[in-house]
Amino acid sequence: MAPDLGWVCGGAGLEEPDDAPNDDQDGERCHDHGQSDQHDLVHGALTGALAVEVLSGREPVVRVLRAAAAHRELPVYLLSRQVRFVAVTQEVHRRIAARQLEQLETDRRIHEVFTQLTLEAAPVQRIVAEAARLLGAEVVWRRRAASSSLEDSGGAVPVVVARETVGWLSAEPRGAGPALRATVLERAGQAVALTLLSERSRRNDQRQAETALLHELRRPWNVDEDSVRRRAHELGIGVLRDGVLSEAAPAAWLPVVVRWERPGAGPLGEHQGGGAVLDALAWALGRERTTALAGRLGAASVAVLVPLAARPPQDAVVERVLTAAEQRLEGAWRVLAGVSDPESGMIGAAARLDEAGMIAEAAVSLLARDDCAEGGPSQDGTVADHAARQDAARSGSVRSGSARRRCFRAQDVRLRGLLAMLRGDERVQMFARAELGSVLDVERHEDRELLTQFLACGGNKSLLAQRIHLSRPALYGRLARLERRLGVSLDDPESRTSLHVALLIAEVEGC
């Protein structure tokens, strides 16, 4: 039963006429003969609301109306005093017009707020704060993780940039009504999308300028040190002192090449992860309060020149930056870097990027080997045990997981690094083919795995038998057949060394 409509008409009403019946008998008669009609009226009225004028003294009628209106969605108003119908309609029209005017004013204010924020290129945090102020409730911005797919946002408004959902805006279900909440979140989402699009455009312009400068540094016949340092400073790259870009030249530049790959897969030879990795590196560098000149070097690598305030090695800083970048990527990609020796000038540092790239490539090979060692059985059923992982650690291991290393120098990759630098050399490939022969064939994978395990055990046949769970007579038979195929004695230390180098070459070359 809706409340009395007298307040809608400003309290106005007419007194009951003197000749109006108000005795109990008439009231009871209304109850006896009019209840079903009134019930049908309330049940079947095809209107937005129903107003019934029941003057004083008709309590039975009131009870009947209350019973008929119970559990109905149709609002029923009881008029306890006489009122002109035109007064009701005028008041309703006035209130509707006032509500519409209020809605228009609210829409205008929302439009002005978010238009101004867009024109000012306000950051996302400020847009979210303004939306919360308009709603009088907390507004939450959730960025879509790099590794996540589209999720059920639970009524939140998606923020779409270039047809890609990059996050969601949601508000607490208190304060404003659903319509106002939806309008504010929708306009806030549009403003956030424009801000992110503008930021992406600025980042792309910055990256293009940095990449162009890096390519010029690697072919320095038309540039000099002072001009490239000045251009880097104009791009905001240099030593920061108390958060401010210093005018002084850096003490040195550290050449770094960052590689990325998907966990459990080989390096991706495509541009899929480049933008996300560059974004994560920029965020991690800002967190470390440092800058760097960064640009794409290849399909799955980024060249970075880090300005140093002091010349001592900064491997710890690079390690922290890579760890933070990987956390920012939230498991979508894992990164590692090859680092060369710092140089006093940008041109000299750029010349050492190839060396850093080869170190990074060798580190990727180490990581793939360690994943195989930790990841379970090989195709012939052998399993690398704890002793094998210790052997890998002694030779420069890159353990997978959060504790693994991400920053490598030439002394960390050792022989594998040298072979990575020589990759593609026909003489090196010819050596590997001559040493291994048919063992490189796919159908001889068991022979290759047996040779790898044998060399990992240092030629110790007893240890190898324990590792691959074979009896010693059976193992001796397999090793004898392997020796005949290779045409060398596995007991000869020099032969084992040559075979080991050949296997490393085959691994680096992807044979």
Förster-model FRET efficiency, 30 Å R0, residue 161 and residue 299, C-beta, rounded to 0.05: 0.75
Rough spin-label spacing in nm, given labels placed 7 Å along Cα→Cβ, for residue 354 and residue 174: 6.6
Net charge of Cβ neighbours under 13 Å - reference residue 102; Lys, Arg +1; Asp, Glu -1: +3
Sites residue 219 and residue 441 - FRET efficiency at Förster radius 51 Å, r taken between beta-carbons, to 0.05: 0.75
Inter-label distance, nm, simple model (7 Å from Cα along the C-beta direction), residue 70/residue 107: 4.2
Theoretical FRET efficiency, 1/(1+(r/R0)^6), r = Cβ-Cβ of residue 206 and residue 478, R0 60 Å, to 0.05: 0.55
Pairwise label distance in nanometres, residue 466 with residue 94, each label 7 Å out on the Cα-Cβ vector: 9.9
Theoretical gain in end-to-end length, residue 198 to residue 137 [0.36 nm per residue, Cα-Cα removed]: 19.2 nm
Karplus (6.51, -1.76, 1.60) ³J(HN,Hα), θ = phi - 60°, over the range 224-235, in Hz, Gly and Pro reported as x: 10, 4, 5, 5, 5, 5, 5, 5, 5, 5, 5, 7
Potential lengthening between residue 411 and residue 85 on full extension [0.36 nm per residue; Cα-Cα distance subtracted]: 107.8 nm
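Computed from the coordinates by the stated procedures, all read-outs in this text should not be read as laboratory data. Note that the coordinates shown come from a computational prediction; the quantities given were computed from them, not determined experimentally. So basically every Cβ, Gly included, is an ideal-geometry build from the backbone, and we count neighbours across all protein chains shown.
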